[in-house]
Amino acid sequence: MDKQSSSVTIKVRVAKSFYPAIIGKGGSKLKQLKNDFNVSVKVPENGTSSDQIEITGEKDDVEAAKEEILAIVNEKVRRRFSNYVGNKRK
């Protein structure tokens with residue numbers, strides 16, 4: 001089967017405040033996502049109104065990358081929340 005024909009693209013809505021965690025220092029996390037899941041990940045550029053990250057690749061790879069992105073966001077939310085309720089970070 002032609003790899004191009006089985007490629008899918010999904011859009012994941014993520015608040016812009018989480019983009020730095022998804023991109024990583026110098027783009028390191030974004031590169032890791034691309035390499036680990038064999039996908040293309042497009043994060044909207046600064047100044048655009050879009051809040052959707054676009055992931056393209058094989059269906060299973062795209063779904064796995066989406067789950068990883070959501071895990072990054074959830075971890076950041078958990079850490080922010082724990083700081084507000086007075087818990088110490090480890």
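The values are calculated or read from the model by the stated rules, or taken from the named source; none is laboratory data. It should be emphasised that the depicted structure is a prediction, and the values quoted were computed from it without experimental measurement. Don't worry about glycine lacking a Cβ; one is built from the backbone with ideal geometry, like all the others, and counts go over all protein chains shown.
Limited to region 3-27, what total is found for residues that are of a type in the set (G, A, S), out of contact with any Gly (no Cβ under 7 Å at 6 or more places or on another chain) and either over 20 Å from K76 (Cα atoms) or surrounded by fewer than 10 Cβ atoms within 10 Å (Cβ to Cβ) (or both)? If you could, list the steps in order and put the result at the bottom.
Filtering region 3-27 down to residues of a type in the set (G, A, S) leaves 5-7, 15, 17, 21, 24, 26-27.
Still in the running and out of contact with any Gly (no Cβ under 7 Å at 6 or more places or on another chain): 5-6, 15, 17, 21, 24, 26-27.
From what's left, either over 20 Å from K76 (Cα atoms) or surrounded by fewer than 10 Cβ atoms within 10 Å (Cβ to Cβ) (or both): 5-6, 26.
Selection size over region 3-27: 3.
Checking the structure you have, find out if any residue of region 10-23 is more than 14 Å from the chain's Cα centre (by Cα) and either at pLDDT 95 or above or among the hydrophobic types (A, V, I, L, M, F, W, C) (or both). So that I can check it myself, show each step before the final result.
Pass one, region 10-23, residues more than 14 Å from the chain's Cα centre (by Cα): none.
There is no residue in region 10-23 that is more than 14 Å from the chain's Cα centre (by Cα) and either at pLDDT 95 or above or among the hydrophobic types (A, V, I, L, M, F, W, C) (or both).
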Could you tell me how many of the residues in region 5-20 are out of contact with any Asp or Glu (no Cβ under 8 Å at 6 or more places or on another chain) and more than 20 Å from D60 (Cβ to Cβ)? 4
Show the residue pairs meeting these rules: Cβ distance below 9 Å; 6+ apart or different chains; first residue within region 6-34 and closer than 17 Å to K66 by Cβ; second residue surrounded by fewer than 13 Cβ atoms within 10 Å (Cβ to Cβ) and β-branched (V, I, T). F18/V77
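If a residue must be of a type outside the set (G, A, S) and outside any helix (DSSP H, G or I), how many such residues does region 32-72 contain? Give the derivation first.
Initial filter on region 32-72 (of a type outside the set (G, A, S)): 32-39, 41-46, 48, 51-56, 58-63, 66-70, 72.
After this cut, where a residue has to be outside any helix (DSSP H, G or I) as well, the list is 38-39, 41-46, 48, 51-56, 58.
Within region 32-72, residues that are of a type outside the set (G, A, S) and outside any helix (DSSP H, G or I) number 16.
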Hits in region 35-66 - residues which are free of Cβ contacts under 8 Å to residues at least 24 places away in the same chain and small (G, A, S): S40, G47, S49, S50
